[in-house]
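Before any comments, here is the structure.
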Amino acid sequence: MKMFKLIEDVPSAYKKGTKFFLISHSEFIGVKSYVLLAEDLKGKIEVTDEELRSKFVTIH
């Protein structure tokens, strides 16, 4: 399972360094979106491909 680490704060939601699991991804008319689940299982976040590349880093 892929894991990602947040590299910048998300206002009023998650702080820098929060770890997420990739639980779903989809593509509709060329737009990719991803659903990430916080490591503490308290919330989900949906991001685009652009946001995933700019705000997250892959960890193993």
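The values are calculated or read from the model by the stated rules, or taken from the named source; none is laboratory data. Keep in mind the model is a prediction, meaning the values are calculated, not measured. So basically every Cβ, Gly included, is an ideal-geometry build from the backbone, and we count neighbours across all protein chains shown. Heads up: the accessible areas ignore ligands, DNA and RNA and are worked out on the full protein's heavy atoms, side chains in. Shrake-Rupley method; radii C 1.70, N 1.55, O 1.52, S 1.80 Å.
What to note about this one:
- Lys2 open to solvent by less than 90 Å² (accessible area, probe 1.4 Å), at pLDDT 85 or above and among the charged types (D, E, K, R): no
- If the condition is being touching a Ser or Thr at 6+ places or on another chain (Cβ under 8 Å), open to solvent by less than 90 Å² (accessible area, probe 1.4 Å) and not in a strand (DSSP E or B), then region 13-60 contributes only Asp49.
- Residues that are β-branched (Val, Ile, Thr) and farther than 17 Å from Met1 by Cα within region 11-60 comprise Ile29, Val31, Val47, Thr48, listed in sequence order.
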